[in-house]
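The values are calculated or read from the model by the stated rules, or taken from the named source; none is laboratory data. What you see is a predicted model, and the numbers here were worked out from it, not measured in a lab. Cβ: placed from backbone, ideal geometry, glycine included. Neighbour counts: every protein chain shown.
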Amino acid sequence: MMLKKLHLLKLNDLFSKPIQKINCIEKTELLLLSAIVIGFLVFFAFTNFLNGDEREHVSAAFFIYNGKVPYRDFFEHHHPLLWYTFLPFIHIFNNSADIWYAARIYSLLLYIINSYFIIKICRLIINNTLFAWLAVLFSLSPHCVFLSQTEFRPDSLMMTLFLGGLYFFFSYLKEPKNQLKTSFLLLFLSIMALQKACFQLIPLAIFILYLLYKRTITIKEFIKALILPFTLALLYILYLWQTDSLKDYFELNWLLNLKIHTHIQYPIHQTLYYQIVNILALLTLFIKAPKPLKIIAYLCLCSSIILQFIFIGAFRHYWLPLYPYFAIISAYYIAVLHQKIRPIIIAFVTIALISNYALHYKQNKDFPSLQTFVYLSKQIINLSNKEDLILNSSTIGGLRLSAAGYYWIGMDHVALLDNHYFKRHELPDFYTLIKTRKPKLFSTDYPRVCIDDNYHFTLDCKYYPPSEEDKKFLEQYYNNQGFLYVRKN
């Protein structure tokens, strides 16, 4: 039924462009709202707590920079494009604590590109400044987005590439040229950034098959557009085979990830924003609206259902793919409101966002800031040489190679899962490693296991403090400098 509502026989009929003027009051409100959103965004980007995922992915890029092969030489269960695109930053900051600022700048650059693609998509729906402006602000401002997407993680790169692919797909529908090739290439690269993009592509793939059936897209054009992505995919598989990492890649990126189960971390379906936008998306399919918006509504509804089904217990950043859809749909319905109502809605949104930002700051002001981790990294760099090994690199995030070997992230719940199901390598014992490999330094926080008896991720972590014998060894060979143990010689 949904696909019938998206019937596309005449491509030009998709893109009617009613123009609605933006008045002076709304412009003033939007300038104020833009200053608030951008200000808080930059503030949180350069002060917010350094997430464990960020330390993981910077470390992975650092290992690659030092000649390690992902999956074969060190444990990872994500696709690699983020690490390779970050290598220029690693080259510049490979011995500098400013690497953490560079990682956040990288994420902000992706934000800018995302905003560009959202504006371009909005222009293809209706050529209206208010609509595009609101869509960008709504895409930047939700709590889930300004926290997760300012962090250095593959989800952000996946989102950027997917939005680029979506824009060129819409552009092809408006005026078929070579945009389909660019679209399919960017969509493929979004998968290379993070395999979760496959789930986001399911509703779009179904819609493309519908367009093939209706001959809106010809088989010839479709095959031409697939040639480059398939070629790149085959070259990557060949690389994995030549580096003897193909089996590890498949098990880690696909089989292992399907076995990860977590308790619900961020129940997005309970949020008012999620509920309202999905109601509006459903409404969009049955009322007179620009047909590209109907496609967005279809993608929004299907993606919401698919992601809810797949990510039963999801972390906050798992929902990032939904928010561009939410932003475009909600911005459209505000833009088409009467001019007497729109300023009231924009004012309400502004107050709500300020309250949300203030609440977040109040709840998280006692967390270690980004500057704390920058200071810690400076200490690690000053106390060690490039050739020195460290332990707990996933915790302290130092730009040094790990003494733990393959499972460099230690007793992480995903490493425990991998060892349990695939027996890839022996799990490292924290204190045995200290005695045998004598790392230059390591953090004083105890190793922990965040997994329950059913191999589900849990926040109720078990900690393993040192025994009396281990304590004597540490006192003999290491200096306790607060958060770090440093080898005496």
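Just to be sure I understand, how many residues within the stretch 232-282 are of a type in the set (G, A, S) and either under 23 Å from the mean Cα position of the chain (by Cα) or not assigned by TED's automatic domain parsing to the domain that holds Y318 (or both)? So that I can check it myself, show each step before the final result.
Pass one, the stretch 232-282, residues of a type in the set (G, A, S): 233, 245, 281.
Next, only the ones that are either under 23 Å from the mean Cα position of the chain (by Cα) or not assigned by TED's automatic domain parsing to the domain that holds Y318 (or both) stay: 233.
Number of matching residues: 1.
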Quick one: which residue in Y375, Y357 is in a helix (DSSP H, G or I), at pLDDT 90 or above and outside the structural domain of E468 (by TED's automatic domain parsing)? Y375
Selection status of F222, aromatic (F, W, Y), over 20 Å from F422 (Cβ atoms) and surrounded by 14 or more Cβ atoms within 10 Å (Cβ to Cβ): yes
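Show me the helices (runs of 4 or more DSSP H) entirely contained within the stretch 134-215 in which 3 or more residues are modelled with pLDDT under 95. Step through it out loud before you land on a result.
Numbers: elements: 143-148, 154-174, 179-193, 197-213.
So the answer is 143-148.
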Of all residues in the stretch 396-435, how many are among the polar types (S, T, N, Q) and surrounded by fewer than 20 Cβ atoms within 10 Å (Cβ to Cβ)? 2
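Scanning for something polar (S, T, N, Q), surrounded by fewer than 16 Cβ atoms within 10 Å (Cβ to Cβ), at pLDDT 90 or above and within 30 Å of L173 (Cα to Cα), does the stretch 290-304 turn up at least one residue?
Applying the first criterion (polar (S, T, N, Q)) to the stretch 290-304 yields 303-304.
Next, only the ones that are surrounded by fewer than 16 Cβ atoms within 10 Å (Cβ to Cβ) stay: none.
No: the stretch 290-304 contains no residue that is polar (S, T, N, Q), surrounded by fewer than 16 Cβ atoms within 10 Å (Cβ to Cβ), at pLDDT 90 or above and within 30 Å of L173 (Cα to Cα).
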Matching entry among I310, I351, I344 (being surrounded by fewer than 21 Cβ atoms within 10 Å (Cβ to Cβ) and closer than 28 Å to M411 by Cα): I310
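Based on what the data block shows, is W83 buried (at least 21 other Cβ atoms within 10 Å of the Cβ), among the aromatic types (F, W, Y), at pLDDT 95 or above and over 16 Å from the mean Cα position of the chain (by Cα)?
Judged against the criteria, W83 is not a match.
Residue by residue, here is whether (1) closer than 30 Å to F169 by Cα; (2) in contact with a strand residue (DSSP E or B) (Cβ under 7 Å, 6 or more places away or on another chain); (3) in contact (Cβ under 8 Å) with a residue 24 or more places away in the chain holds:
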{"position": "D73", "(1), (2), (3)": "no, no, yes"}
{"position": "L81", "(1), (2), (3)": "yes, no, yes"}
{"position": "Y84", "(1), (2), (3)": "yes, no, no"}
{"position": "Y101", "(1), (2), (3)": "no, no, yes"}
{"position": "S115", "(1), (2), (3)": "yes, no, yes"}
{"position": "I126", "(1), (2), (3)": "yes, no, yes"}
How many residues of the stretch 62-76 are touching an Asp or Glu at 6+ places or on another chain (Cβ under 9 Å) and either surrounded by 22 or more Cβ atoms within 10 Å (Cβ to Cβ) or not assigned by TED's automatic domain parsing to the domain that holds L189 (or both)? The answer is 4
Within the stretch 438-477, residues more than 30 Å from N257 (Cβ to Cβ), over 30 Å from the mean Cα position of the chain (by Cα) and surrounded by 12 or more Cβ atoms within 10 Å (Cβ to Cβ) come out as K438, K440, L441, P466, D470, K471, F473, L474, Y477
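Give the residue, chosen from I99, I118, I90, that is surrounded by 15 or more Cβ atoms within 10 Å (Cβ to Cβ), more than 19 Å from I380 (Cβ to Cβ) and not polar (S, T, N, Q). Even if it seems obvious, please write down each step before you answer.
Working: I99 fails: more than 19 Å from I380 (Cβ to Cβ); I90 fails: more than 19 Å from I380 (Cβ to Cβ).
Going through I99, I118, I90 in turn, just one is surrounded by 15 or more Cβ atoms within 10 Å (Cβ to Cβ), more than 19 Å from I380 (Cβ to Cβ) and not polar (S, T, N, Q): I118.
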Residue count for the stretch 380-395, restricted to those that are of a type outside the set (S, T, Y) and surrounded by 19 or more Cβ atoms within 10 Å (Cβ to Cβ): 5
Among (1) in contact with a Leu (Cβ under 7 Å, 6 or more places away or on another chain); (2) at pLDDT 90 or above; (3) over 30 Å from F46 (Cα atoms), which single condition is A331 missing? (3)
Unmet criterion (only one of (1) within 18 Å of the chain's Cα centre (by Cα); (2) at pLDDT below 95; (3) assigned to a helix (DSSP H, G or I)) for L130: (1)
Checking N257, N278 in turn, the sole residue that is of a type outside the set (A, V, I, L, M, F, W, C), in a helix (DSSP H, G or I) and touching a residue at least 60 places away in the same chain (Cβ under 8 Å) turns out to be N257
